[in-house]
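Note sheet for the following structure.
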Amino acid sequence: MSPVANIHTCRGVVGGRATGRVLRSCDGICFYTVDSETGEVAERGHPLIGKSLAGSVLVFPHGKGSSVVQLDGLYQLAKHGVAPAAFVVESLDTVLVACAVIMAIPLVTDAGESFYRQALDETVVTVDGSAGTLTFPKRNMHPMTATGGEGDADHEGSRQTRGRRGRCG
């Protein structure tokens, strides 16, 4: 019997398909404040400071910064091979969408609460911006949500909160 994937629907904004490990942030990200050679967040006070965005499926509330700053930051990350593989965002902004289009990074939104309950750091997920799906392969699911059911993450260790800073893990 082969493993069964857990598929969530969302709204695809920038097409393409990418797989990576989830990296979540409660705060918006300015890619210009990420070290372009390592992919590590360098912004003081940011919850992801010191963590690398390289190859991740970045789950975050929104981008921050001007178009020039965001695009140059993403370009530098891609140039050094440390850009995120895909974006899952809560709130769209034209700067982030334009940057994702130019850099060909799949971007989705409107993922739904069941996705956020399951999308814990280090879980593997495939983002398909063309189809509007987020797929967790059953064999790679985070141990806290290994059965993949919607109610399985409702215990204290993985409870998600929602507030002005976004869905936080």
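Among the residues of region 90-114 satisfying the criterion of being of a type in the set (A, V, I, L, M) and part of a strand (DSSP E or B), which is nearest to Asn6 (Cα to Cα)?
Narrowing region 90-114 to residues of a type in the set (A, V, I, L, M): 92, 95-98, 100-105, 107-108, 111.
When the remaining residues are screened for being part of a strand (DSSP E or B), the result is 107-108.
Values: Leu107: 19, Val108: 17 Å.
The qualifying residue nearest to Asn6 (Cα to Cα) is Val108.
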Subject >> Qualifying positions in region 48-76 - under 12 Å from Cys26 (Cα atoms) and in contact (Cβ under 8 Å) with a residue 60 or more places away in the chain >> reply: Val59, Phe60, Pro61, His62
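Residue check: is Val41 of a type in the set (Val, Ile, Thr), free of Cβ contacts under 8 Å to residues at least 40 places away in the same chain, at negative phi and in contact with a helix residue (DSSP H, G or I) (Cβ under 9 Å, 6 or more places away or on another chain)? Show your work before the answer.
Numbers: of a type in the set (Val, Ile, Thr): yes; free of Cβ contacts under 8 Å to residues at least 40 places away in the same chain: yes; at negative phi: yes; in contact with a helix residue (DSSP H, G or I) (Cβ under 9 Å, 6 or more places away or on another chain): yes.
Against the criterion (of a type in the set (Val, Ile, Thr), free of Cβ contacts under 8 Å to residues at least 40 places away in the same chain, at negative phi and in contact with a helix residue (DSSP H, G or I) (Cβ under 9 Å, 6 or more places away or on another chain)), Val41 qualifies.
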Subject >> Filter result for Gly55 (surrounded by 15 or more Cβ atoms within 10 Å (Cβ to Cβ) and outside any strand (DSSP E or B)) >> reply: yes
Original post:
When you go through (1) part of a loop (DSSP other than H, G, I, E, B); (2) in contact with a Cys (Cβ under 8 Å, 6 or more places away or on another chain) one by one for Leu71, which number turns out not to apply?
Top reply: (1)
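Look through Arg24, Arg11, Arg17 and report the one residue that is buried (at least 20 other Cβ atoms within 10 Å of the Cβ) and modelled with pLDDT of 95 or more.
On the way: Arg11 fails: buried (at least 20 other Cβ atoms within 10 Å of the Cβ); Arg17 fails: buried (at least 20 other Cβ atoms within 10 Å of the Cβ).
The unique qualifying residue is Arg24.
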Original post:
For region 28-85, what are the residues that are out of contact with any Gly (no Cβ under 6 Å at 6 or more places or on another chain), charged (D, E, K, R) and within 18 Å of Leu96 (Cβ to Cβ)?
Top reply: Glu43, Asp72
Original post:
If you check Val127 against the conditions, is it at pLDDT 95 or above and either assigned to a helix (DSSP H, G or I) or surrounded by fewer than 16 Cβ atoms within 10 Å (Cβ to Cβ) (or both)?
Top reply: no
Original post:
With respect to Glu122, is the statement that it is among the charged types (D, E, K, R), in a loop (DSSP other than H, G, I, E, B) and at pLDDT below 95 true?
Top reply: yes
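How many residues are basic (Lys, Arg) and at pLDDT below 95 if we restrict to region 53-106?
Kept after step one, since they are basic (Lys, Arg), are these residues of region 53-106: 64, 79.
Still in the running and at pLDDT below 95: 64.
Residues in region 53-106 being basic (Lys, Arg) and at pLDDT below 95: 1 in total.
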Subject >> Residue check for Thr109: more than 16 Å from the chain's Cα centre (by Cα), farther than 19 Å from Val41 by Cα and hydroxyl-bearing (Ser, Thr, Tyr) >> reply: no
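The values are calculated or read from the model by the stated rules, or taken from the named source; none is laboratory data. Remember, it's a predicted structure, so these values are computed and weren't measured experimentally. Every residue, glycine among them, receives a Cβ derived from its backbone with ideal geometry; neighbour counts consider all protein chains shown.
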